[in-house]
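Working notes, structure below.
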Amino acid sequence: MNSTHEAEGARDTRAAALRGPAVWALVLTSVAGFMAALDNLVVTTALPAIRQDLGGALEDLEWTVNAYTLTFAVLLMFGAALGDRFGRRRLFMAGLAVFTGASAAAALSPGIDELIAARAVQGVGAAVMMPLTLTLLTAAVPPARRGMALGIFSAVSGLAVASGPLVGGTLTEHISWQWIFWLNVPIGLALLPLARLKLAESTAPNARLDVPGTLLISGGLFGIVYGLVNANAHGWTSGPVLTALIAGTALVGAFVVHGFRNANPMLPMRLFLNRGFLGINTASLLMYLGMFGSIFLLSQFFQGVAGYSPTQAGVRMLPWTAMPLVVAPIAGILSDRIGGRPVVAAGLALQALGLGWFAMILSTDVTYAAQLPALIISGIGMGLYFAPASNILMSTVSPADTGKASGANNALREVGGALGVAVLASVFSSQGGYQSPQAFTDGTVPALWIGAAGVAVAAAFALLVPAKERGLAAPAPVAAGNARANAPGNAPGNADGTAPGTGYAATAAQVSATG
């Protein structure tokens, strides 16, 4: 009898010991992830106020968005590898400190160039911090409760994306645009000591850094985006634009070759030989290209042409940005019953239809009631895409490659967003401009058609996914002798039993909707 009570007491003690670290890890990583995800879209409704206060041309506004998304995208997998190599808690705190300091610098920026530079540094901090939030959370939460914890984390990240335009609009209108950045500072300062005290340190043995791959893809993407952003200002045939586009394309090509030939590349190109992996990642890139580029222009249209305040603009975008919170769980159920491919393809088709609807009805005197169906259709399409896309992605790779696969997918989403802003803004400036409401509308309509076409092509790529995806790969079992080695603080392998050095996310739930 006494032995039974002692065993129960021991189990209660172990459960209590697990509960504290797990709760702290969930809270700290979720708040940090919320900040990083929020900064993807929080700037969009503040763009007119930033332009009025700091000046700058269209290409400057593009860089206030792209400076963040581009550095975030190209350093995302490198940030995860740094944590594996030098300590995940240590690098998480370093990324958080950089992100917090850059947020303060953005708020204090005296000009548009300084703001762009601060946004780039913000992206560097987020790229280090964001993937490690998931690794730290996975290590701290027991396997039996990991699904619930990751679900909460993903929901918080989704809420950040949904509320970004509204938060940005509200702060801009009622305080100032600088407060969209000041908001991060007290939160970051509070998280830093708590992370040091409450999160366990861990590393992955034999973790390697792909410095050549990082330099190639960073330089290549910067060159392409720089050329696209400055093409209309300087001319497509000007020396700087042509040089940037040619050099950027060459560096991206070299990155692809490097991914095939290097023994341990940042992104193994062999993964793209799988039809499903190629299809879902190309679809993700094109989906974000159309979505981000359209939101960049429509958030300004709501204010500059329709005459709404920043807060009103953020509220009116909620049928689009917040709809995934309602639709994504339904999409997950549907994908379990009929497979992910038709759900993702239907979602992308609806997103393309919504953007095309906008392009057809947009005018200087269009009513919000006429725009509402386009917003709702786009939101439903986005929600149908998110959850099944994560499941499809994980079903296309082996357990050893899940971390790199999820990192690649998140990076390609961010790249798609940066390219979307650059491409659609380039179309906008060639057909219209800021001279008058009519000029703004004239530029926005053809840009939206390009966005709709991009998402429609994404739907076609989603059909490359095999009709019956294989089930999610189960994590490799952890032998009893490795139990202590996989505990937080000692983990030479990932906490979910996958191969060490795979960065973050060995489950589909970890591919969150932060893009």
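Here is how the numbers come out for the structure above:
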| item | result |
| --- | --- |
| The stretch 122-148 - residue that is over 19 Å from residue 80 (Cβ atoms) and either touching a strand residue (DSSP E or B) at 6+ places or on another chain (Cβ under 9 Å) or in a helix (DSSP H, G or I) (or both) and, of those, least open to solvent (accessible area, probe 1.4 Å) | 147 |
| Residues located in the stretch 51-66, provided they are open to solvent by 10 Å² or more (accessible area, probe 1.4 Å) and either part of a helix (DSSP H, G or I) or not small (Gly, Ala, Ser) (or both) | 51, 52, 53, 54, 58, 59, 60, 63 |
| Those residues of the stretch 429-467 which are open to solvent by 20 Å² or more (accessible area, probe 1.4 Å), under 18 Å from residue 231 (Cβ atoms) and under 28 Å from the mean Cα position of the chain (by Cα), in sequence order | 429, 446, 450 |
| Every residue from the stretch 67-76 that is within 19 Å of residue 408 (Cβ to Cβ) and either hydroxyl-bearing (Ser, Thr, Tyr) or open to solvent by 30 Å² or more (accessible area, probe 1.4 Å) (or both) | 69, 71, 75 |
| Where residue 223 falls short, out of the listed (1) modelled with pLDDT of 80 or more; (2) over 24 Å from the mean Cα position of the chain (by Cα) | (2) |
| Criterion (surrounded by 24 or more Cβ atoms within 10 Å (Cβ to Cβ) and more than 30 Å from residue 231 (Cα to Cα)) met by exactly one of 45, 29 | 29 |
| Unmet requirement for residue 200, which otherwise passes all of (1) open to solvent by 10 Å² or more (accessible area, probe 1.4 Å); (2) within 25 Å of the chain's Cα centre (by Cα) | (2) |
| Filtered residue count, the stretch 250-280, keeping only those that are part of a loop (DSSP other than H, G, I, E, B) and among the small types (Gly, Ala, Ser) | 1 |
| Residue 344 being open to solvent by less than 10 Å² (accessible area, probe 1.4 Å) and at pLDDT 85 or above | yes |
| Qualifying residue in the stretch 320-337 (condition: part of a helix (DSSP H, G or I), closer than 24 Å to residue 167 by Cα and among the hydroxyl-bearing types (Ser, Thr, Tyr)) | yes |
| Check on residue 397, in contact (Cβ under 8 Å) with a residue 24 or more places away in the chain and assigned to a helix (DSSP H, G or I) | no |
| Residues satisfying the stated conditions in the stretch 36-61, i.e. of a type in the set (Asp, Glu) and in contact with a Ser or Thr (Cβ under 9 Å, 6 or more places away or on another chain) | 39, 53, 59 |
| Options 119, 90, 85: the member that is of a type in the set (Lys, Arg), open to solvent by less than 10 Å² (accessible area, probe 1.4 Å) and assigned to a helix (DSSP H, G or I) | 119 |
| Residue match in the stretch 354-370 (condition: among the aromatic types (Phe, Trp, Tyr), on the phi < 0 side of the Ramachandran plot and surrounded by fewer than 18 Cβ atoms within 10 Å (Cβ to Cβ)) | yes |
| Qualifying positions in the stretch 224-267 - among the aromatic types (Phe, Trp, Tyr) and more than 25 Å from residue 401 (Cα to Cα) | 226, 236 |
| Verdict on residue 312 being modelled with pLDDT of 80 or more, open to solvent by 40 Å² or more (accessible area, probe 1.4 Å), under 30 Å from residue 178 (Cα atoms) and not basic (Lys, Arg) | yes |
| Members of the stretch 316-344 found to be in contact (Cβ under 8 Å) with a residue 60 or more places away in the chain, farther than 22 Å from residue 461 by Cα and in contact with a Gly (Cβ under 8 Å, 6 or more places away or on another chain), listed by number | 319, 320, 321, 322, 323, 325 |
| Of all residues making up the stretch 94-116, the number that are open to solvent by 40 Å² or more (accessible area, probe 1.4 Å), out of contact with any Gly (no Cβ under 9 Å at 6 or more places or on another chain) and part of a helix (DSSP H, G or I) | 2 |
| Filtered residues of the stretch 371-386 (kept if open to solvent by 10 Å² or more (accessible area, probe 1.4 Å) and touching a Leu at 6+ places or on another chain (Cβ under 9 Å)) | 377, 380, 384 |
| Residues that are charged (D, E, K, R) and modelled with pLDDT of 80 or more, drawn from the stretch 413-457 | 413, 442 |
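For (1) open to solvent by 40 Å² or more (accessible area, probe 1.4 Å); (2) touching a residue at least 24 places away in the same chain (Cβ under 8 Å), each residue gets a yes or a no:
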position: 165; (1), (2): no, yes
position: 168; (1), (2): no, yes
position: 173; (1), (2): yes, yes
position: 244; (1), (2): no, no
position: 259; (1), (2): no, yes
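The values are calculated or read from the model by the stated rules, or taken from the named source; none is laboratory data. Being a predicted model, the structure only gives us computed values, none of them experimental. Here the Cβ is made from the backbone with ideal geometry for all residues, glycine too, and neighbour counts use every protein chain on show. For accessibility, only protein heavy atoms count, side chains too; no ligands or nucleic acids. Shrake-Rupley method; radii C 1.70, N 1.55, O 1.52, S 1.80 Å.
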